[in-house]
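Novice: Handing you a structure now.
The values are calculated or read from the model by the stated rules, or taken from the named source; none is laboratory data. What you see is a predicted model; the values in this text were computed from it and never measured. Neighbour counts run over all protein chains shown; Cβ positions are idealised from the backbone, glycine included. Surface areas here come from the heavy atoms of the whole protein model, side chains and all, with no ligands, DNA or RNA. Shrake-Rupley method; radii C 1.70, N 1.55, O 1.52, S 1.80 Å.
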Amino acid sequence: MNPTLQGYSAAVLESTATDQRSELANDLESVEQVVLGNSALRSALTDTALDGNVRRSVMLDLLEGKVSEAARRLAAFACSAVSAPDVPSALQWVAGRAFHVAEGRYYAEESLSLTGARNRVGGFAAALYEGLDNDQLESMEDDLFRFARIVAATPALRSALVDRDLDIEARQALIGQLLDGKVADATLALVRYVVRGGRARDFVGTLDWLVEQTAKARGWRIARVRAASPIANDQRASLEESLSGLAHAPVELQVEIDDALLSGAVIQIGDLRVDASARGRLENLREHMKTAGWEDSGLGTRRGGQAATATSTGTTTGTTGTTTATTTTTTTTQTEGAS
């Protein structure tokens, strides 16, 4: 089944009260039967000429006031998440998953590729976004970013959270101990689902990806900045303005301090990367010298009071005949005080 629909369904079912899950499952089964039994509706929902968002709107309008809001949301999302011919099977799958949860049976999310797992977590996030205002989205974004940095900077914690041999429940309990009462319930639920629906080794990467998705949900883009030193407020405002023009959308900076850069900063927005750090310039210079054929001969470096010697060899091929002349030039730098 579509990974995004898997995640969205998990979020809706998880947020539904236990005593209301049977009603939700029955509503979803009724929707499935209506679609299967109404040829005109089925034809409309499986029409490949219609965009997924149109199919979703049709279902939202059709179900308003007829089923629970959770069933309405879930059925409508199912119609948009899959290709048109797969809509009936998607509705059937959603109803089956709802009955599964209503009966109290635990289901494990199957292993997916990196992209598939992130899309599944993204579906869970999309369901949460629908109930959040802009300020709440901003708070979620900040909390996800900070927690990702904490995990990345704490080897023991990171090792525990990416350990596939450790039970999912144990890893989720660890997250609960760290975040419960410190972040919003929606953020806690999302981070817990990263453990269940994402790939263990990609825990921090998925959190960083979710920061970007949350920013997009409120109409912003994320610029990840690694800077050698803190950025002053006026510089920050100027940089945000410049990057907003480049990205054609409001840009928010997520800044990390990295002393190894020496000076300057490395900026990344999506696939665009700008390296304006001293270390980056040194690396570029080193690569340029290697490409140009320079060798590290120690020119200008003193060893034991004697000057270093640089040797360069050039080969010249004559324009006539088959004679090749090779010239070797050795230059010795005088030591101080020598005549």
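Novice: Under a crude label model (7 Å from the Cα following the beta-carbon direction), how far is A156 from N38 in nanometres?
Specialist: Placing both labels 7 Å along Cα→Cβ, they lie 5.9 nm apart.
Novice: With a cap of 13 neighbouring Cβ atoms within 10 Å, and only residues DSSP puts in a loop, list the chymotrypsin sites (Phe, Trp or Tyr not before Pro) found in the stretch 96-174.
Specialist: Y106, Y107
Novice: Also: Run the simple label-point estimate for E69 and E103 please: 7 Å along Cα→C-beta, distance reported in nm.
Specialist: 3.0 nm
Novice: Oh, and also: Which distance in nm do the two modelled labels at I168 and E110 give, with both placed 7 Å along the Cα-to-Cβ direction?
Specialist: So the two model labels end up 1.4 nm from each other.
Novice: Based on the alpha-carbon gyration tensor of the stretch 109-210 and its eigenvalue square roots a ≥ b ≥ c, which shape applies: rounded if a/c is under 1.5, prolate if not and a/b is larger than b/c, or oblate? Before the final figure, lay out the partial values.
Specialist: Numbers: a/c = 1.67, a/b = 1.22, b/c = 1.37.
Note, shape of the stretch 109-210 comes out oblate.
Novice: Would you kindly state how much longer the chain becomes between R201 and D185 on full extension, computed as 0.36 nm times their sequence separation minus their alpha carbon distance, in nm to one decimal? Walk me through the numbers before you get to the answer.
Specialist: Values: separation 16, 0.36 × 16 = 5.76 nm, distance 2.43 nm.
That pair, R201 and D185, stretches by 3.3 nm at full extension.
Novice: Quote the accessible area belonging to M1 in square angstrom, nearest 10, computed with a 1.4 Å probe and with ligands, DNA and RNA left uncounted.
Specialist: Its accessible surface works out to 90 Å², give or take rounding.
Novice: Shifting gears a bit: For the stretch 1-42, what value does the Rg/Rh ratio take when both radii are computed over Cα atoms and Rh is the Kirkwood radius, given to two decimals?
Specialist: Looking at the stretch 1-42, the ratio lands at 1.07.
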